[in-house]
Amino acid sequence: MGTKIKNTAFIALGSNKGDKLDYLRKAINKIKQECEVEICSSLYETKPLGNFNQENFLNAVIKISTGYSLIELFNFLKGIEKELGRSKTEKWGEREIDLDILFFNDVVYSDEIITVPHKGIAKRDFVLVPLCEIEPGLIHPELKQKICDIMVPDSEKCIIRKLPVSLGKAEP
């Protein structure tokens, strides 16, 4: 019997509706049921992007190891969002939980549903900072640049503060 191929993925987690911390912890616990969560970044409070008339977000990034293919992982994460009660809103609207695949191995892929690497990475400090924290040597496969070297202009920064709460202990 052959061993299942393990893929490495980085997932961005965000929430700005309801019990934000609880949504993030529940999402990580659901991910742990099917994937190995290798490391979890610190938790960051961030200003909303695009639509500013809403609550601040809690954001984090996790590194996982999975036997899922890219599309299987995408569908798995969308299923978790639905299971946790994510409701459809306008683009950049409030959300109970948002799970985005940032990187999947060093794959560069795009179709009408998903783009990997996630197209907003280089413009979002709330993704770059936690990514750099957990994987400082990571190189963006399209930009050929270390994640830690990508700079977001001050005018576009969203991080308000790093919170003294750990998502690493996400067990109930």
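Each value in this text was obtained by applying a stated rule to the coordinates, not by laboratory testing. None of these values were measured; they are calculated from a predicted model. Neighbour counts are summed over all protein chains in view; Cβ atoms, including those assigned to glycine, are modelled from backbone coordinates with ideal geometry.
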Starting with the fewest neighbours, write out Glu94, Glu55 ranked by other beta-carbon atoms found within 10 Å of each beta-carbon.
Glu55, Glu94
Taking r as the C-beta separation of Asn105 and Asp149 and R0 as 25 Å, the FRET efficiency to the nearest 0.05 is 0.75
Roughly how big is the chain's charge dipole about its Cα centre, with Cβ charges of +1 (Lys, Arg) and -1 (Asp, Glu), in debye to the nearest 20?
160
Once the chain is represented by equal point scatterers at the alpha-carbon sites, with solvent omitted, what log10 I(q)/I(0) does the Debye formula produce at q = 0.08, 0.18 Å⁻¹?
-0.22, -1.24
Highest GNM mean-square fluctuation among Ser69, Ser155, Ser110, for the chain with Cα springs under 10 Å, belongs to Ser155
With 0.36 nm assigned to each residue of separation and the Cα-Cα distance removed, Asp19 to Glu142 gains 40.7 nm
Nearest 500 deg cm²/dmol is fine: what mean residue ellipticity at 222 nm does the chain get from its DSSP H runs of n ≥ 4 alone, each adding -39,500 (n - 2.57), divided by its residue count?
-6500 deg cm²/dmol
Loop-exposed trypsin sites (Lys or Arg not before Pro) per DSSP, neighbour cap 16 Cβ within 10 angstrom, longest uninterrupted part of the chain
7-87
Mind scanning Lys6/Lys30; Lys6/Lys144; Lys32/Lys63 and naming the pairs with a C-alpha gap bigger than 20 Å?
Lys6/Lys144
Of Ile31, Ile113, Ile159, which has the largest mean-square fluctuation in a 10 Å C-alpha GNM of the chain?
Ile113
What percent do you get for the relative contact order of the chain when only Cα pairs under 8 Å and 6+ apart count?
31
Gaussian network model of the chain, Cα within-10 Å springs - most flexible of Asp125, Asp154, Asp22
Asp154
